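Data block below; observations after.
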Amino acid sequence: MRRLGVMGGTFDPPHFGHLAAASEAAYRLGLDRVAFVPTGDPWQKDPQGVSAAKDRVHMTHLAIAQDPRFFLSRVDVDRQKKTYTVDTLRDLSREFPGAKLYFILGADSLASLTTWKNWAEIHRLATLVGVSRPGYELRSPVDDVAVIQGPGLAISSTECRRRAAAGAPLSYLVPRRVCEYIGSRGLYAAP
C-alpha cells in the first residue's frame with residue numbers, strides 16, 4: 001500500500017457524510033485504501049457523552065463493510081488510554097511502513113488543529129486533507145493542506161443522536177445496518 005487515507009473520529013454514529021468524505025478523498029487523491037479509526041478515549045469529549053467503544057467500533061464496521069477501499073483499524077481503541085491523533089499516525093506509520101499517510105478531516109476539525117497534542121508532528125507524519133461540507137468555511141491554521149470539496153451532505157453525528165433520541169428516522173443519514181444496530185441496542189434513546 002503506497003497511499004493510505006486515515007479517517008479518524010468518534011463515529012458516534014458513523015454517517016453518510018463520513019463515508020462520502022472518505023470516498024471523495026480516495027478518488028481525488030488516488031488513495032489505495034482508507035483506514036477508519038474510531039477513537040478509544042477521546043480527549044476532546046466528555047466520556048459520559050460518548051457511546052461505548054465496542055458499539056462505535058461495531059457501527060463503523062457495519063458502515064464501511066460494503067466498500068472494499070475502506071477498512072477498520074482498532075489502533076486507538078486497543079491503546080486503552082487517551083486517544084491522540086499523533087499516536088494514531090505514529091502507530092499506522094509503523095504498521096504500514098513506506099506508506100504515505102493522508103489524514104482526512106472536516107473543516108471544523110481542521111480549524112482547531114493547532115490545539116491538538118503535537119499538531120506540528122501530525123502535519124509532518126501525514127498530508128492533511130481538509131474536506132469541506134455545507135455550512136463550514138474551510139479555514140486552515142497551517143499551510144500545505146489538500147482541500148477537497150466534498151458532496152453537499154450536511155450531516156453530523158450530533159444531529160443523528162438528537163434525532164434518534166427523539167424517535168425521528170435516521171434513514172438516509174446513516175447506513176441501514178447502522179440504523180438497525182442503533183435501534184437494536186437502544187443507543188441514544190432518551191433517558
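The values are calculated or read from the model by the stated rules, or taken from the named source; none is laboratory data. Not measured: the values here are computed from a predicted model. Note that each Cβ is placed from the backbone with ideal geometry, even for glycine, and that neighbours are counted across all protein chains shown. Just so you know, the surface numbers come from the protein's heavy atoms only, side chains and all, with ligands and any DNA or RNA stripped out. Shrake-Rupley method; radii C 1.70, N 1.55, O 1.52, S 1.80 Å.
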Could you work out the relative contact order of the chain? I mean the mean sequence separation of Cα pairs under 8 Å and 6+ apart, divided by the number of residues, in percent. 26
Would you list which aspartates and glutamates come within 12 Å of K100, measuring only between C-alpha atoms, while excluding same-chain residues fewer than 8 positions from it? D32
The chain, accessible area per residue, ligands and nucleic acids excluded (1.4 Å, Å²): 50
On a 0 to 90° scale, report how tilted helix 16-29 is relative to the longest principal axis of the chain, with both axes built from alpha carbons and the result rounded to the nearest 10. 20
At 222 nm, what helix-only mean residue ellipticity would the chain give, in deg cm²/dmol to the nearest 500, using -39500 (n - 2.57) for each DSSP H run of four or more? -11000 deg cm²/dmol
Qualifying chymotrypsin sites (Phe, Trp or Tyr not before Pro) for the stretch 104-191 [loop in DSSP, other Cβ within 10 Å: at most 12]: Y172
Can you list the aspartates and glutamates whose alpha carbon is less than 15 Å from that of K81, not counting same-chain residues fewer than 8 positions off? D41, D46, D91
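Counting only protein heavy atoms and a 1.4 Å probe, tell me what percentage of the chain's accessible area is made up of carbon and sulfur.
Reported share for carbon and sulfur atoms: 50 percent.
Let a ≥ b ≥ c be the square roots of the eigenvalues of the Cα gyration tensor of the stretch 99-138; is it rounded (a/c under 1.5), or, if not, prolate (a/b larger than b/c) or oblate? Mind dumping the intermediate values first?
Working: a/c = 3.83, a/b = 1.46, b/c = 2.62.
Oblate, because a/c is 1.5 or more while a/b does not exceed b/c.
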Helix 176-185: angle to the longest alpha-carbon principal axis of the chain, degrees 0 to 90, nearest 10? 60
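Counting other Cβ atoms within 10 Å, which trypsin sites (Lys or Arg not before Pro) in the stretch 46-120 have at most 11 and lie in a DSSP loop?
Those that pass, being in a loop and sparsely packed, are K81.
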DSSP-assigned coil residues among trypsin sites (Lys or Arg not before Pro) in the stretch 124-191, each with at most 14 further Cβ atoms within 10 Å: R139
